[in-house]
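So that we are looking at the same thing, I have put the structure below in structure tokens.
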Amino acid sequence: MSSELAEAAETAVEQCLRVAPDESVVVVTDDRRERIGEALYEAASAVTDDATLLRYPPADQHGTEPPAPVAAAMAESDAFLAPTTKSLSHTRARGSACEAGARGATLPGITEDVFTTGLDADYAAIDAACDDVLAQVADADEIRVTSPAGTDIAFGIGDREWLADTGLVREPGGFSNLPAGEVFIAPETATGTYVVDGTMMPHGLLGEDQRLTFEVEDGLVTSVGDDAVREELEAAAESVGDAAYNLAELGIGTNVGVDELVGSVLLDEKAGGTVHIAIGDDAGIGGETDAPIHLDGILRNPTVYVDGDEIELPGA
């Protein structure tokens with residue numbers, strides 16, 4: 001194991017989750033992320049004698065539930081870490097584990113480069129940036145986002161709660177992505193156009209002239225200007241219908257240490273000064289839509305207005 005992997009794993013276990021010697025830790029991984037899973041297991045084992053590593057075949061789609069024994073182990077742990085090819089963030093297994101009192105972090109789509117780069121971060125600074133953004137958006141009725149690429153979309157917040165992903169997961173039931181750094185919400189509704197010009201799966205980092213355009217009306221995506229994304233949404237819609245097209249999330253990146261998009265949604269959505277908008281499941285972040293898909297698209301150079309007034313974005 002490389003020293004960089006070991007150091008990043010140590011940061012996750014000791015700084016982000018602050019695992020104690022008397023706690024149980026479950027590391028959930030799959031066949032494609034085995035080295036990262038092993039690094040986290042070794043780091044956890046250096047702190048506690050009650051560490052477990054579980055591995056299963058990669059899922060086909062983000063949001064797919066893990067095997068039942070994995071979900072049970074997560075719920076029975078004090079802390080869990082989930083470096084997986086496909087995201088467990090918006091699964092019922094993750095939500096149930098946190099409801100049971102486990103705290104944890106998912107690392108969806110993580111690569112070794114993103115793991116070693118993204119965990120080399122000042123999490124106190126990320127926490128402060130999240131607090132600053134939360135203070136600016138906390139009482140908003142409407143958020144409007146525009147961008148030079150053509151975005152102009154308004155979000156109705158309603159009674160939904162803003163959440164912060166700081167990377168510091170120290171309380172029972174706490175949850176974060178790693179790498180971390182965003183303030184986000186599941187809006188009650190949205191109408192307008194957004195244009196992704198940063199990163200979005202299944203493409204990764206978009207080309208300089210590549211744009212993915214989405215039309216949204218009353219909280220549903222009504223037009224998808226990209227064949228590959230449309231196919232993924234259509235596949236999800238076969239089982240859940242219109243829920244697959246739910247406008248699920250508005251997020252603001254707060255990690256000013258990420259100053260360049262690299263093609264990893266997990267890292268790029270955290271970049272300070274960016275906005276990301278997601279389609280599909282939002283039940284895990286305060287919404288009411290349960291869907292087997294959650295597709296984030298990152299917008300470069302956005303302007304964000306809170307009830308008509310422009311706010312300051314981290315690093316912008």
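The values are calculated or read from the model by the stated rules, or taken from the named source; none is laboratory data. Predicted, not measured: the structure shown is a model, and the values here were computed from it. Neighbour counts run over all protein chains shown; Cβ positions are idealised from the backbone, glycine included.
Only one of these is within 22 Å of THR111 (Cα to Cα), at pLDDT 95 or above, within 19 Å of the chain's Cα centre (by Cα) and of a type in the set (Gly, Ala, Ser): GLY167, GLY173, GLY257, GLY253. Name it. Spell out the reasoning first.
Numbers: GLY167 fails: at pLDDT 95 or above; GLY173 fails: within 22 Å of THR111 (Cα to Cα); GLY257 fails: at pLDDT 95 or above.
Every option except GLY253 fails the conditions.
Please go through the stretch 263-293 and pick out each residue that is touching a Pro at 6+ places or on another chain (Cβ under 9 Å), of a type outside the set (Gly, Ala, Ser) and within 18 Å of THR91 (Cα to Cα).
VAL265, LEU266, ASP281, ASP282
Sticking with this structure for a sec: Against the conditions (1) of a type in the set (A, V, I, L, M, F, W, C); (2) in a loop (DSSP other than H, G, I, E, B); (3) closer than 17 Å to THR111 by Cβ, where does VAL47 fall short? Just the number, please.
(3)
Okay, moving on. Restricting to the stretch 145-162, name every residue that is surrounded by 19 or more Cβ atoms within 10 Å (Cβ to Cβ) and outside any loop (DSSP other than H, G, I, E, B).
VAL145, THR146, ILE153, PHE155
Here is a further query. Considering only the stretch 90-124, state which residues are farther than 20 Å from GLY286 by Cβ and at pLDDT 90 or above.
At the first step, the residues of the stretch 90-124 found to be farther than 20 Å from GLY286 by Cβ are 107, 109-124.
Those that are farther than 20 Å from GLY286 by Cβ and at pLDDT 90 or above: LEU107, ILE110, THR111, GLU112, ASP113, VAL114, PHE115, THR116.
Only one of LEU212, LEU134, LEU168, LEU178 is crowded, with 21+ Cβ neighbours inside 10 Å and either touching a Phe, Trp or Tyr at 6+ places or on another chain (Cβ under 6 Å) or not β-branched (Val, Ile, Thr) (or both); which? Give the steps one after another, and end with the answer.
Details: LEU212 fails: crowded, with 21+ Cβ neighbours inside 10 Å; LEU134 fails: crowded, with 21+ Cβ neighbours inside 10 Å; LEU168 fails: crowded, with 21+ Cβ neighbours inside 10 Å.
Just one listed residue meets the conditions, LEU178.
Yes or no, residue by residue, for (1) in contact (Cβ under 8 Å) with a residue 60 or more places away in the chain; (2) surrounded by fewer than 20 Cβ atoms within 10 Å (Cβ to Cβ); (3) part of a helix (DSSP H, G or I):
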residue	(1), (2), (3)
SER223	no, yes, no
GLU232	yes, no, yes
LEU250	yes, no, no
GLY257	yes, yes, no
GLY263	yes, yes, no
HIS276	yes, no, no
GLY284	yes, no, yes
ALA291	yes, no, no
LEU313	yes, no, no
